[in-house]
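Below: one structure, written as structure tokens.
The values are calculated or read from the model by the stated rules, or taken from the named source; none is laboratory data. In this text, all values refer to a predicted model and were calculated from it rather than measured experimentally. Neighbour counts run over all protein chains shown; Cβ positions are idealised from the backbone, glycine included.
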Amino acid sequence: MAEAPAKGDGAPPGSSATAGGSGGIAFFLALLRARPAYALGYVIVATVVVLAVLAPWVAPYNPVQASPVDFLKPPGWPHVMGTDATGMDIFSRVIYAPRIDLAIALAGTLISAVVGSALGAAAGYYEAQRGIGTFAAGFVMRAADVLQAFPVFVFAIAVVAVLGQSLQSVVIAVAFVNTPIYLRLMRGQVLSIRRMRYVEAAYIAGVSDFGIIRRHVIPNAMAPVLAQLSVNIGWAILLTAALSFIGAGVEAPTPEWGSMIAMGFQSIITGHWWPSIFPGLALAVTVFGFALIGSSVEVLADPARRRALAGELEARRRARLATA
Amino acid sequence: MQLLAYLGRRLLFVAPQLVGILLVSFFLLKLIPGDPAVMMLGPFATDDGLARLRAELGLDRSLLEQFLIYLGNVLQGDLGTSWQTTLPVTTDLAQRFPATLELVTLALLLALAIGVPLGVAGARYKKGLLRTTADYYGLFAGALPDFWFGLVLIFLFYTTWALVPAPLGRLDFVILPPPEITGSLLIDSTLAGNWQALRNAAGHLVLPVLTLGLINAGPILKMTQSTMERMLESDFSRYAEMCGLPERVVARKALRNALPSVVTIVSVLYGFLIGGAVLVEIVFSWGGAGQYAVGGVLNADLNPVMGFVLYSAILSLVIYLIVDLIYFAIDPRTR
Amino acid sequence: MSDPRLPFLDRRSFFRTTSAIAGAAVMPRILSIPSAHAQAGSTMVIAAPATPQSLDCNFDVSLGTFEAIGALYDGLLGFEKIPDPGVPSASREDISFHADLPGGVNMVGKLAESWELDPSGTRVVFKLREGVMSNWGNELTAEDVRWTWNRAFELGALGAFYTAVSGLKSPDDVRVEDKYVVSFNTAEPNPLLLKIQTNLYTPVYDSTKCKEVGGTDDPWARKFIENDSAGFGPYRLQQLTRGQQAVFAAREDYWGGKPAIDTVVFREVPTSAARVQLLQGGAVDIAQYLQPLEIISLQNVPNVVVETVPASFMIWIELNAKTPPFDNVDVRRAMNFAFPQQQVLDAVYQGLATPLNGCMPNIYPGFSDEFFEYSYDPAKAKELLAGAGFGDGFTTSLAYNAGDPVQEPIAIIYQTALREVGVELELKKIPAGSFYNAVTERGQPMIFYVDSPWCPDPGYSLTLYFDSASYVNYSNYENAEVDRLIAETAATADEAARLDMMKEAQGIIMSEAPWTFIAYPNYTMARKAELEGFTYYTSNNIRFQDFHRA
């Protein structure tokens, strides 16, 4: 989790490692016990991931095997979620889908986090200096402004349209759209850390720019980035599905929630609800799981909330001991 | 005076930013494969005819030249023509933007009506049903794919229970729309006293507004709740409490102080939804601006997309300006 | 003329037509529809995927344009109408071969009162009706016909195709013989001289009006004809708001008598589900171009009648003969043996199509079904592949049109079936907007195509798709013997001999399988019960003048 390794000169403030006394796994488990909803989040995501990994063994049917004699069968046996217009088994497709959706969302978010944070760190660090650095930092920020002024969705579709329809394009589109978020976040962090005395000291001591960024700035700015990351993945899954829904995502018949919803979309008016309702439900539950995890990480990454929580846990423990 | 100076400074930054937005979108869109000339002339186009049309459209010039010509036209208020609708983009957008705005505005009002009270309640009570609802509503609403949620609502309220008109646009085909004044069907039909149209338009609005409103209440709720919590824990609230002011009064004061962040999140959502409502527009065949832009991207129809990007950028700027003005009104520190 | 219905269905209306991004579903500003609920006797409201783009048939082949041309213009000739053998309430053209009639065709005069085909097959003389008025009040003369064909020559574009297939070499080949007599003259015997005059896209213009409005800047009145009409058809254009609606008004002074329906409102309703709803709710009289499941769902709706008739549409997959491994005939044949045709017809078309068992429309004279051997047989496919050196299969890709809802399911079913014979198929969805580009570039190993040759003639049909020099031969098929037969057929006036040659050509083509043969989709008319008179034309459009209320 968000254990900021606070080695180096001076005591960097904002490090969460010091909060609350107890740390690590034990604290995490205690948190899950205290907030069962967070545990539910981890359970949902773990289930989805495990099902996706084991899909070849768990799924009753091949997810891309059309069976035209069984088209549009309502939920029942042996097709628990029914079949779609080409007779593919919806249940099998639903559990295969996260292989694509999660992979795209993770890859896109990670890329944007790495690229955005790096650019943001550089921009924040150099902004305070004179010369070409300031100019470049300003340019990066203005570019981010422009990027963010775009309507997100139209921009993502345009990126996919330019790059051609493929998995990689969707990853790049997701990454592009998210990069400015990390850029701003990191820059803000760096700007505040940059002013800290221990950083100034390192600067005066002649540590190189790169060294300072690497050893002091980035480790201390990581916690909020991590928190943002876990919140962002859920959102990236939604964006991936949305792109596929509109036809700018992965190629059919790849099992993917968004494109499954799209394939069943037309028939909902004629009463064939199952091809689009089940994948949407799976999508919503998964994103909900990620949202729960995200808020648990937010708590862990925020020293104040972490401290409060640790206090609460401690009080509970005492109360339990007292009753025992 | 202070305000005017501020606005002036803002506008100074706006112009280069708009040009930047146009520049990026222009070059990005130009990278999309697809030749509008081929699409316009169709299967029996001769090479000669294609060349002539490309020249007519200015497609034979360098990209930079094309951009400068485009920019020049924009300055004169000419956003070009969509080859798909054969109409000027300004005409098309004038027709579609109000559709989107009406939808988004109503959805955000609904979101506010749900999000703010629930957020306040969530912040005031540490336990209980309201608190739990508030805690999970935001997370769950944020997890719902809006396009799918819309489908679920259609399936329930239209297909199964037949409570709403067919989810196909803003007005039934047979209803005569009111004369256009504001572009909002609700307002226009009221002005015209056309109650049939009013009822029908309202019926069509129910599901898409519910879809977007319920989902976007999430972030508003979260923001209200967290800011309220901070305000309630802050010194001034503690002080007020100690002075023996009733809890309601303390909460009201805290809410007043939390309002700027609520306004901020609403403005951000507004800007986002102008383009972000596109999926819901598709699901309900709304014919809004986002739909128009996405159709443009996919059909090498550049002008509608550029026009849309420009309109929504300007609209976002206007919204942010209005937000700043609201700040002036509700936050004494800015005065 | 081939009828690129789908490419254009898409071109205009990627998402409009089908599912997603219904571009212009904005309803406001509908100009007042004369008594919205269309029961008022003489108004007919049609829900269509798209309003006409250009009204100039020299340049535009979009869906709405077909319907508009059929209402605004008349040609010289038409086929005689007969009742549809399968659907008694519908009529269709008598396009069969009549050995006893001139040119072997059963025709009626439209703008022409009588005609005389020279036995040499190089000349036909038309005597025009006298006193026929255009919608601008100008009388039809031979000069109008000459001017029309001259325009086709001068503007190139679509008209050039018609001049070419009719064997006309220069504008002078169309001669004014008298005020009401005009002749067409060719150097070689041309079998299509008469049939081409029945074509939807060879209407006659009112040249007086065109010259008047065009002046010297626009001698062929392109601007005018794009947005208005100057013809001798049963309707005139009252209003055209693209993306919303076109309104047509019946002409009192139409030479054939005023049509029964006074006003036709042609509304753009981009999503097919919406068109179904409108017809069900009684808001429109006709809902065009519906999906198979929707058509089925309409069959039990009271007051709605669905007439579904065999049509000239064909859907197939081009197997690009210039892209390995499809340069190998056995591989192409194997692709057909591996295609579960009947399953596709059942699951995707719900029985509203018949198997494509030939390489031209099965309703046309000269069609032969005896060469189709490709019933679903994966074992046979494997054997052929092994023989061709692809025992381990291969990987290729199939491009399909995102704007045509039947293509994706067909592609998925085909993909599954091919896996069984070791062929890995990647699916490539192409936005409708650029689909036509993808077809004409001929760069895809496999790509869907939907088309219909408008002229009910085997020579015409086979030329389009299998002549190695044809623009529409998107599968790059080339066979010297087929080319020779096609060339000879085009220069032979003896109809029986032509049919023999075309049968031989079909045998060669079918055995070489340049396509994956899918289906003949039906034409479906979904209408209110009281609206009678539907007639099916090989141009796959409806003509408003055929309809009347019971």
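Structural remarks
- The number of residues in the stretch A:251-274 being part of a helix (DSSP H, G or I) and under 21 Å from residue B:162 (Cα atoms) comes to 6.
- Count of the stretch C:59-93 residues which are crowded, with 16+ Cβ neighbours inside 10 Å, more than 14 Å from every other protein chain (Cβ to nearest Cβ) and outside any strand (DSSP E or B): 13
- The stretch C:261-295: number of residues that are facing another protein chain (nearest Cβ under 9 Å) and among the hydrophobic types (A, V, I, L, M, F, W, C): 8
- For the condition in a loop (DSSP other than H, G, I, E, B), assigned by TED's automatic domain parsing to the domain that holds residue C:325, crowded, with 22+ Cβ neighbours inside 10 Å and in contact (Cβ under 8 Å) with a residue 24 or more places away in the chain, residue C:456 qualifies.
- Any chance residue A:47 is more than 20 Å from the chain's Cα centre (by Cα) and of a type in the set (Val, Ile, Thr): no
- A search for C-beta distances below 8 Å between a residue of the stretch C:424-440 that is more than 8 Å from chain B (Cβ to nearest Cβ) and any residue that is surrounded by fewer than 19 Cβ atoms within 10 Å (Cβ to Cβ) and outside any strand (DSSP E or B), counting only pairs 6+ apart in sequence or on different chains, returns C:424/C:393; C:425/C:419; C:426/A:251; C:427/A:251; C:428/A:251; C:429/A:251.
- In the stretch C:167-196, residue surrounded by the most Cβ atoms within 10 Å (Cβ to Cβ) [restricted to those that are in a helix (DSSP H, G or I) and of a type outside the set (Val, Ile, Thr)]: C:195
- Odd one out for residue A:165, checked against (1) assigned to a helix (DSSP H, G or I); (2) within 14 Å of chain B (Cβ to nearest Cβ); (3) modelled with pLDDT under 80: (1)
- Any chance residue C:164 is part of a helix (DSSP H, G or I), of a type in the set (A, V, I, L, M, F, W, C) and out of contact with any Pro (no Cβ under 8 Å at 6 or more places or on another chain): yes
- Within the option set C:211, C:223, being within 25 Å of residue B:83 (Cα to Cα) and either away from chain B (no Cβ under 14 Å) or surrounded by fewer than 19 Cβ atoms within 10 Å (Cβ to Cβ) (or both) holds for one residue only, C:223.
- Here residue B:330 fulfils each of the conditions (1) closer than 30 Å to residue C:435 by Cβ; (2) in contact with a Pro (Cβ under 8 Å, 6 or more places away or on another chain); (3) away from chain A (no Cβ under 14 Å) apart from (1).
- Of the helices (runs of 4 or more DSSP H) contained entirely in the stretch B:1-112, those carrying at least 1 residues that are of a type in the set (Phe, Trp, Tyr) fall at B:2-30, B:63-75.
- Check on residue A:64, surrounded by fewer than 23 Cβ atoms within 10 Å (Cβ to Cβ), outside any helix (DSSP H, G or I) and within 14 Å of chain C (Cβ to nearest Cβ): yes
- Count - residues of the stretch A:199-253 that are in contact with a strand residue (DSSP E or B) (Cβ under 6 Å, 6 or more places away or on another chain) and away from chain C (no Cβ under 14 Å): 0
- Where residue C:324 falls short, out of the listed (1) assigned to a loop (DSSP other than H, G, I, E, B); (2) touching a residue at least 24 places away in the same chain (Cβ under 8 Å); (3) away from chain A (no Cβ under 13 Å): (2)
- Those residues of the stretch B:82-99 which are aromatic (Phe, Trp, Tyr) and either farther than 21 Å from residue B:271 by Cβ or within 7 Å of another protein chain (Cβ to nearest Cβ) (or both), in sequence order: B:83
- Qualifying residue in the stretch B:289-305 (condition: at pLDDT 85 or above and in contact with a strand residue (DSSP E or B) (Cβ under 7 Å, 6 or more places away or on another chain)): yes
- Checklist (1) small (Gly, Ala, Ser); (2) at pLDDT 50 or above; (3) in contact with a Ser or Thr (Cβ under 9 Å, 6 or more places away or on another chain) applied to residue C:23, failing item: (2)
- Extreme residue, farthest from the other protein chains (Cβ to nearest Cβ), among residues of the stretch B:148-177 that are farther than 30 Å from residue A:239 by Cα and of a type outside the set (Gly, Ala, Ser): B:163
- Selection status of residue A:71, out of contact with any Phe, Trp or Tyr (no Cβ under 8 Å at 6 or more places or on another chain), buried (at least 18 other Cβ atoms within 10 Å of the Cβ) and under 23 Å from residue C:417 (Cα atoms): yes
Residue-by-condition table, conditions (1) farther than 30 Å from residue C:497 by Cβ; (2) modelled with pLDDT under 95; (3) touching a Leu at 6+ places or on another chain (Cβ under 9 Å):
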residue	(1), (2), (3)
C:361	no, no, no
C:366	no, yes, yes
C:369	no, yes, no
C:396	yes, no, yes
C:405	yes, yes, no
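- Within the stretch B:236-265, the residues that satisfy the criterion of being among the β-branched types (Val, Ile, Thr) and either under 17 Å from residue B:327 (Cβ atoms) or buried (at least 17 other Cβ atoms within 10 Å of the Cβ) (or both) are B:250, B:262, B:263, B:264, B:265.
- The numbered conditions (1) modelled with pLDDT of 95 or more; (2) within 14 Å of chain B (Cβ to nearest Cβ) are all true for residue C:418 except (2).
- Summed over the stretch C:432-450, the residues that are crowded, with 24+ Cβ neighbours inside 10 Å and not hydroxyl-bearing (Ser, Thr, Tyr) give a count of 7.
- Filtered residues of the stretch C:400-415 (kept if of a type in the set (Gly, Ala, Ser) and either within 14 Å of chain B (Cβ to nearest Cβ) or within 20 Å of the chain's Cα centre (by Cα) (or both)): C:402, C:403
- Residue in the stretch B:255-272 that is at the interface with chain A (Cβ under 10 Å from one of its Cβ atoms), within 25 Å of residue B:151 (Cβ to Cβ) and in contact (Cβ under 8 Å) with a residue 40 or more places away in the chain present: no
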